[in-house]
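Have a look at the structure below before the remarks.
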Amino acid sequence: MEKAPLQVIPADVVSAVDYEQRAIGHMDAAAWAYLQGGAADERTIQANLNAWATCNLQPRVLADMRGGHTRCTLFGETLAHPIILAPVASQRLFHSEGELATTLAASVMQGVAVVSTQASHRLEDIAHHNQSLGQGLLWFQLYWQGSRDATLALLKRAETADYRALVLTVDAPVSGARNREQRAGFNLPANMANLNVPPTPLPLVPEGGSVVFDSLMTVAPTWDDVAWLVKQTSLPIVLKGILHPADAIRAIDVGASGIVVSNHGGRVLDSVTATFHALPEVAKAVNGAVPVLVDGGIRRGTDIIKARALGATAVMIGRPYIHALSVAGALGVAHLIRLLREELEIAMALTGCKTLEDIQMDVLHTQLTANASST
Ligand SMILES: Cc1cc2nc3c(=O)[nH]c(=O)nc-3n(C[C@H](O)[C@H](O)[C@H](O)COP(=O)(O)O)c2cc1C
């Protein structure tokens, strides 16, 4: 039997890993497998975590840190810190308030949450809840809906509900073989079904045909669709799931306003490069033309400073805030964001960086800097 969410944060919960260790007790085994698992042998999940962990920082001493801060600007809005809640589907699986709680926590902490197309509340209800509490700044994650008309209809709903950016996820036209989840027999309960859009009807697979090539990929978006989509809205469109520098350049060419270096938290294709290793080359190719975000395995403020050093404007976190949600609802998520921000501040102060702009490659220890940029 899962434990109820806590009303008070226990004194020994002092980092993301503490929330993770407690979260397993707050959800059933199948939901845990869905949350924690990834594609196939989960090599990419491990690679994401290991890569941040094995890069070292280079401390600097005696620097004047007065007036330091973690503020950053994205698409014309100033955020108190560069920690964004990544889109995570079906959050009522983990806490009865689901996305209402996580978006509230992000807003209270003066950051951004990205609401998934597959949210377990309607996108309008999440936005209204947030606005009624005087909070703001939500982005909407858009999954291509199989046709331009259906995708446009969803985009327009997000615009009307006052979402400030659209994050088009481009790395999952086909679901990963999430073996851990399959073995646990996970099925999304009917009352958690995506409330935003009915499932896209898929073309029938011809006799002897392939589900991937003859069905799923026939309704997947292409670069032409993205170029078209960008022209349908004045909102910034951010492409999530870019790992190759050439794709980053193409994204800018078709009018994307930002890029998320992501491998979907290792949930789609296994044996993919850690985002830590993909980030420097993408950032180099983008060369400041648009903001570059990164996610996958970020668990500490020290990971965030490393991400900034490698060229990211901001980071997104996925699983960690769902752990905090399951343990203590909105309070837990807000607490987790605060912990990560404080860890970032400590790392900045001890590496001589007063602002995020001060964080350059030289905060990384030189030997490992070479490794990071050579992969
Ligand atoms: C349970 C779960 C559901 C997710 N759902 C979505 C989604 O609906 N849309 C999306 O673009 N990414 C989704 N993601 C991927 C996250 O946005 C993010 O890329 C990933 O979790 C980052 O890695 P991390 O969990 O190691 O922080 C999901 C991830 C998890 C763990």
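The values are calculated or read from the model by the stated rules, or taken from the named source; none is laboratory data. Predicted model, so just to flag it, every value in this text is computed and none were measured. All Cβ positions, even for glycine, are placed from backbone atoms using ideal geometry, and neighbour counts span all protein chains on display. Remember, those area values only see protein heavy atoms, side chains included, never the ligands or the DNA or RNA. Shrake-Rupley method; radii C 1.70, N 1.55, O 1.52, S 1.80 Å.
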Practice problem: Please tell me the relative contact order of the range 22-114 in percent, rounded to the nearest whole number, where contacts are Cα pairs under 8 Å and at least six residues apart. | Solution: 23 percent
Quiz item: Could you list, bin by bin from short to long, the percent of Cα-Cα pairs of the range 199-251 in 10 Å steps?
Solution: 20, 35, 32, 12, 1
Practice problem: Summarise the accessible area of the range 255-375 (1.4 Å probe, protein heavy atoms) by the percent that is carbon and sulfur. | Solution: 53 percent
Quiz item: Along each of its three principal axes, how wide is the spread of alpha-carbon positions in the range 28-139, in whole angstrom units, largest first?
Solution: 49, 43, 23
Practice problem: Counting residues in the range 270-337 as N, plug N into 2.2 N^0.38 Å and put the Cα Rg over that result. | Solution: 1.26
Exercise. Report, in order of residue number, the helices in the chain meeting two criteria: a C-alpha extent of 27 Å or more along the helix axis, and a mean Kyte-Doolittle hydropathy of at least 0.0; treat each whole DSSP H run as one helix.
Key: 319-350
Quiz item: Given the Cα-Cα distance of H244 and A29 and 0.36 nm per residue of separation, how much length would full extension add, in nm?
Solution: 73.9 nm
Practice problem: Could you check the simple spin-label distance between T54 and S15, using points 7 Å along Cα→Cβ, in nm with one decimal? | Solution: 1.9 nm
Exercise. First obtain the Kirkwood hydrodynamic radius of the range 238-368 from its Cα pairs, then insert it into the Stokes-Einstein equation at 37 °C and 0.692 mPa s, and state the resulting D in µm² per second as a whole number.
Key: 213 µm²/s
Quiz prompt | Entries of K3/K306; K231/K284; K240/K306; K284/K354; K156/K240 with Cα pairs more than 28 Å apart | solution = K3/K306
Practice problem: Quote to one decimal, in nm, the extra length available between Q131 and D214 on full extension: 0.36 nm per residue of separation minus the C-alpha distance between them. | Solution: 25.6 nm
Exercise. Give, as ranges by residue number, the residues of the range 162-198 whose backbone N falls under 18 Å from the point 7 Å along Cα→Cβ of S147.
Key: 197-198
Quiz item: Accessible surface of C353 in the full protein assembly, 1.4 angstrom probe, to the nearest 10 Å²?
Solution: 10 Å²
Exercise. Enter the accessible area of H95 (Å², nearest 10), with the probe set to 1.4 Å and all protein chains included.
Key: 20 Å²
Practice problem: For D224 paired with E124, estimate the spin-label separation in nm (one decimal), with each label point 7 Å from Cα along the Cα-to-Cβ line. | Solution: 3.4 nm
Exercise. Would you mind giving the average projected area, over all directions, of the Cα convex hull of the range 68-108 in nm² with one decimal?
Key: 3.6 nm²
Quiz prompt | Kirkwood-type radius of the range 177-328, with distances r between different C-alpha atoms, in Å | solution = 17.9 Å
Exercise. Using a Förster distance of 41 angstrom, determine the FRET efficiency expected from the C-beta separation of V174 and M1, and round it to 0.05.
Key: 0.70
Practice problem: Treat every Asp and Glu Cβ in the chain as -1 and every Lys and Arg Cβ as +1, leave all other atoms uncharged, and give the resulting dipole magnitude about the Cα centre to the nearest 20 debye. | Solution: 380 debye
Quiz item: Given the convex hull over the Cα atoms of the range 1-72, what projected area results after averaging over all orientations, in nm²?
Solution: 8.9 nm²
Quiz prompt | Calculated FRET efficiency for the pair A289/T160, C-beta based, R₀ 35 Å, to 0.05 | solution = 0.75
Exercise. Leaving ligands, DNA and RNA out of it, report the carbon-plus-sulfur percent of the accessible area of the range 73-210 at a 1.4 Å probe.
Key: 52 percent
Self-check item: Solvent-accessible area per residue, Å², over the chain with all protein chains present [probe radius 1.4 Å]
Solution: 43 Å²
Self-check item: For the range 95-180, diffusion coefficient by Stokes-Einstein and Kirkwood Rh (Cα), 37 °C, 0.692 mPa s, µm²/s
Solution: 240 µm²/s
Self-check item: List V261, V230, ordered by accessible area with a 1.4 Å probe, largest first
Solution: V230, V261
Quiz item: Accessible area of E357, 1.4 Å probe, to the nearest 10 Å²?
Solution: 110 Å²
Quiz item: Across every pair of different alpha-carbon atoms, what Kirkwood hydrodynamic radius in Å does the chain reach?
Solution: 21.0 Å
Practice problem: Kindly work out what percent of the DSSP beta bridges joining two residues of the chain are antiparallel, to the nearest 5. | Solution: 15 percent
Practice problem: Would you mind calculating the relative contact order of the chain from Cα pairs under 8 angstrom and at least 6 residues apart, reporting the percent as a whole number? | Solution: 28 percent
